[in-house]
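The structure appears right after this line, and notes come after that.
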Amino acid sequence: MGVLIIGAGLGGTLRSVIQYAIPQNSAVESSFPTLILVLPNGNPVHTSDIAVNNPALVTFDYPLQNEPNFLLRLGDSSNSDVKVGSYEVSVPATGQKYQSPAGVGPYGSVVAASAICQHLGCIPPELRFHTPSSSSFGGQIHCDCHGSTYDPYKGFSIVTGPTKSPLPSIVLSYDSTNDTYTASQLIGATIYGHTSDLSGGNALTTKGAVVNTVEG
Ligand code: FES
């Protein structure tokens, strides 16, 4: 009888330890949602809705609520579209390398990435895109919090620290028939503060990823 009691006690203790040691799965999505980009009125975003080198902050939440991403249509200093290629991006924090998604849209110039700074999590307006003709940080995304800069023309790779991770890229696809854009995945470093890009928040409840423009 005594042995049985001890055995039951050990079993209970072991279960508790296992439950503590294995992180609870807090994922609110089992896979990345595929969401068309829409304006606040629900209409799909078309290319003409995205200004080349728009200095305003154009963001949408993805893959979860309150996780802002930049939507950029990149151009040169004359505001002509620039075709953005895929780029090998390094993650100094982990030694990982990955290929960034190429730009999409009729000119291959539309890209998107997390707007959560990978250093300590600052978001727009502290983290913002500076147009190529800007006198400071031209063509880069700069974080006013501690000075990290990222290059959106090269897969949102790191230009200067203190960040040790690039901005995670959004995989966009373009429907040329309807001139619409769809977000289907995040790739690269895990979003700052998350153990997984699909956990730690609340699932989006909208049918599309709503694009908002906020003057910084
Ligand atoms: S939070 Fe952006 S540089 Fe520190």
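The values are calculated or read from the model by the stated rules, or taken from the named source; none is laboratory data. In this text the structure is predicted, and so the values were computed from the model without any measurement. Neighbour counts are summed over all protein chains in view; Cβ atoms, including those assigned to glycine, are modelled from backbone coordinates with ideal geometry.
Give segment 96-121 a look and list any residue that's within 20 Å of Thr160 (Cα to Cα), of a type outside the set (A, V, I, L, M) and modelled with pLDDT of 95 or more, or say none. Don't jump to the end; show me each part of the working.
In the first step, residues of segment 96-121 are kept if they are within 20 Å of Thr160 (Cα to Cα); the result is 96-100, 112-121.
In the following step, the residues that additionally are of a type outside the set (A, V, I, L, M) were identified as 96-100, 114, 117-119, 121.
Selection gives Lys97, Tyr98, Gln99, Ser100, Ser114, Cys117, Gln118, His119.
For segment 118-146, the candidate set comprises residues that are touching a Gly at 6+ places or on another chain (Cβ under 9 Å) and assigned to a strand (DSSP E or B); within that set, the residue that is farthest from the ligand (Cβ to nearest atom) is Phe129. Scanning segment 173-197 for residues that are buried (at least 21 other Cβ atoms within 10 Å of the Cβ) and over 10 Å from the mean Cα position of the chain (by Cα) turns up Tyr181, Ala183. Between Val84, Val111, the distinction of being in contact with a strand residue (DSSP E or B) (Cβ under 8 Å, 6 or more places away or on another chain), part of a strand (DSSP E or B), away from the ligand (no atom under 16 Å from the Cβ) and closer than 25 Å to His46 by Cα belongs to Val111 only. Beta carbons closer than 7 Å, at least 6 apart along the sequence or on distinct chains, pair a first residue in segment 136-160 that is over 17 Å from Leu57 (Cα atoms) with a second that is assigned to a loop (DSSP other than H, G, I, E, B) and aromatic (Phe, Trp, Tyr) for Lys154/Tyr87; Gly155/Tyr87; Ser157/Tyr87.
I need the full set of residues from segment 153-182 which are closer than 17 Å to Gly108 by Cβ and either within 14 Å of the ligand (Cβ to nearest atom) or part of a strand (DSSP E or B) (or both), in order please. Scanning segment 153-182 gives Phe156, Ser169, Ile170, Val171, Leu172, Ser173, Tyr174, Asp175, Thr180, Tyr181, Thr182. Of note, Lys97 satisfies the criterion of being part of a strand (DSSP E or B), surrounded by fewer than 21 Cβ atoms within 10 Å (Cβ to Cβ) and not polar (S, T, N, Q).
Screening segment 51-70 for residues that are aliphatic (A, V, I, L, M) and under 16 Å from Ile170 (Cα atoms) and picking the one that is modelled with the lowest pLDDT gives Leu64. When the test is whether a residue is modelled with pLDDT of 95 or more, away from the ligand (no atom under 16 Å from the Cβ) and exposed (fewer than 15 other Cβ atoms within 10 Å of the Cβ), Asn212 does not pass it. When Pro166, Pro125 are checked against the criterion of being surrounded by fewer than 19 Cβ atoms within 10 Å (Cβ to Cβ), under 16 Å from the mean Cα position of the chain (by Cα) and of a type outside the set (Ser, Thr, Tyr), Pro125 stands alone in meeting it. In a residue-by-residue description of segment 72-80, the property of being assigned to a loop (DSSP other than H, G, I, E, B), in contact with a Ser or Thr (Cβ under 8 Å, 6 or more places away or on another chain), among the hydroxyl-bearing types (Ser, Thr, Tyr) and modelled with pLDDT under 95 applies to at least one position. Asp76 falls short on exactly one of the conditions (1) surrounded by 14 or more Cβ atoms within 10 Å (Cβ to Cβ); (2) free of Cβ contacts under 8 Å to residues at least 12 places away in the same chain, and that condition is (2).
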